[in-house]
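Accompanying notes for the structure given below.
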Amino acid sequence: MSQRSNVLADRLEQGARALAELAAGLSDVEWHTRIPKDGRKIGVVVHHVGSMYPLEMQLAQVLAAGQAIENVTWDAIHEINAKHAKEFEAVTKAAALEHVERNSTAAAAAIRALSDEQLDLAAPVSLSGDAPLTCQFFIEDHPLRHSFHHLAAIWKALAQTRSATRVAV
């Protein structure tokens, strides 16, 4: 295991842990709160993050092999997200938290298995206009960042909800 891959895996685990800790403390009402602009329930988004780790790591493995990520578009990602939101509309907190734990652990292990040479390999990435991105950048921008990105949106939604509740009281 390289020091760089270990640091990346630690950061992914940090984000997954922060997301899980917040989610574990949510009330039932908060769990079902919709995130503004996104439209999905907080619980659905927590489960979504867990669902994306395997796909994101599969794509990172493509780059780690020096191959291009082809035919993966934002339209396809939006379609996957919409399908997931419908399928997991009623996801339980326990199921979502287990999903995040299991898949973040697997993602971190996969990252730790990468060498510095693999992290440095670059190839075109269709999600980024075929820009030649390194495997490390892709990991940082997708599986590592994903929990932090949604965590920020969840905090914002909760702040708005909690503020509105205080005003109404």
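Every number here is computed from the coordinates shown, using simple stated rules; none is lab data. It should be emphasised that the depicted structure is a prediction, and the values quoted were computed from it without experimental measurement. Methodologically, a virtual Cβ is constructed for each residue, glycine included, from the backbone with ideal geometry; neighbour enumeration extends over all protein chains shown.
Tabulated values for the structure
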read-out: Residue order, fewest to most surrounding Cβ atoms within 10 angstrom, among 45, 29, 100; value: 29, 100, 45
read-out: Gain on full stretching of the segment that runs from residue 72 to residue 159 - 0.36 nm per residue minus C-alpha separation; value: 27.9 nm
read-out: Estimated [θ] at 222 nm from DSSP helical runs (n ≥ 4, -39500 (n - 2.57)) normalised by residues in the chain, nearest 500; value: -22500 deg cm²/dmol
read-out: Förster radius 22 Å - calculated FRET efficiency between residue 55 and residue 117, Cβ distance, rounded to 0.05; value: 0.40
read-out: Cα-Cα separations in the chain greater than 22 Å, expressed as whole percent; value: 46 percent
read-out: Added length on full extension, which subtracts the Cα-Cα distance from 0.36 nm per residue, residue 81 to residue 101; value: 5.2 nm
read-out: Among 33, 57, 9 the positive-end extreme of the charge dipole of the range 9-63 (Cβ point charges); value: 33
read-out: Between the range 1-63 and the range 108-141, the alpha-carbon center distance in angstrom; value: 19 Å
read-out: FRET efficiency, 1/(1 + (r/R0)^6) with R0 35 Å, evaluated for residue 29 and residue 65 via beta carbons; value: 0.15
read-out: Choice from 107, 153, 82 with maximal GNM fluctuation in the chain (Cα, 10 Å cutoff); value: 82
read-out: Of the DSSP H helices in the chain, those whose Cα atoms cover at least 24 Å axially and whose Kyte score averages -0.5 or more; value: 3-24, 42-64, 93-112, 145-168
read-out: Length gained when the stretch residue 6-residue 130 is fully extended (0.36 nm per residue, less Cα-Cα span); value: 41.9 nm
read-out: Dipole moment magnitude, nearest 20 debye, the chain about Cα centre, only Lys, Arg, Asp, Glu C-beta charged; value: 760 debye
read-out: Reachable lysines, given that their alpha-carbon falls under 20 Å from the alpha-carbon of residue 83 and they are not under 8 places away in the same chain; value: 37, 41, 93
read-out: For the chain, built as a Gaussian network whose Cα springs stay under 10 Å, the top-fluctuating residue of 140, 70, 13; value: 70
read-out: Residue order, fewest to most surrounding Cβ atoms within 10 angstrom, among 5, 126; value: 126, 5
read-out: Highest-fluctuation residue, 103, 71, 81 considered, GNM on the chain with Cα pairs under 10 Å; value: 71
